[in-house]
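Scroll down for the structure; my scribbles are underneath it.
The numbers here are math on the coordinates, done by the rules we state, and not lab data. Being a predicted model, the structure only gives us computed values, none of them experimental.
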């Protein structure tokens, strides 16, 4: 035996410190896991969302195509319905975002009878050419964004949004 004996006070001090440490770890671990868990989960970014639109039925006139996907905000999952203006340009399928670059309103195809064959934003009379290019002298500050598109089994799949590639800079 050694001469360094532990007093009652030291024994209680060590015991209470150990028990307190275990209790603190037991309370903190779930909080740390709750905060870090969304970061560790795999992301579905870049996935293509199927639509009911048949690619063979597309023409040179833009049509409104609705699509739904599951959106995850941290721990909250919700179903979101979005839309795109889709048309064919030769053999290429084009899908444009309906979100106006001025204030985020929704644009419509041929929404103004005075300006046929254009996208029109009714909020502040913003106008875009068919390829999404903003018309000079109207409020939009940039072209409409474009969705990536794919075809699978004859149906249109809509992917992530990207800057417009149709507009010459």
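Here the translational diffusion coefficient of region 1-41 follows from Stokes-Einstein with Rh set to the Kirkwood radius across Cα pairs; for 20 °C and 1.002 mPa s it amounts to 167 µm²/s.
Helix-only arithmetic for the chain: the sum of -39500 (n - 2.57) across DSSP H runs with n ≥ 4, divided by the residue total, places the mean residue ellipticity at 222 nm at -7000 deg cm²/dmol. The distance separating the Cα centre of region 146-169 from that of region 76-144 comes to 14 Å. Against the chain, whose longest principal axis comes from its Cα atoms, helix 8-40 is set at around 10 degrees. The alpha carbon gyration tensor of region 49-162 gives principal lengths a ≥ b ≥ c with a/c of 1.5 or higher and a/b no greater than b/c, which makes the shape oblate.
When you restrict to C-alpha pairs under 8 Å that are six or more residues apart and normalise by the size of region 12-169, the relative contact order lands at 19 percent. Tell me whether region 1-114 comes out rounded, prolate or oblate; compute the Cα gyration tensor, take square roots of the eigenvalues as a ≥ b ≥ c, and use a/c under 1.5 as the rounded threshold. The shape class here is prolate.
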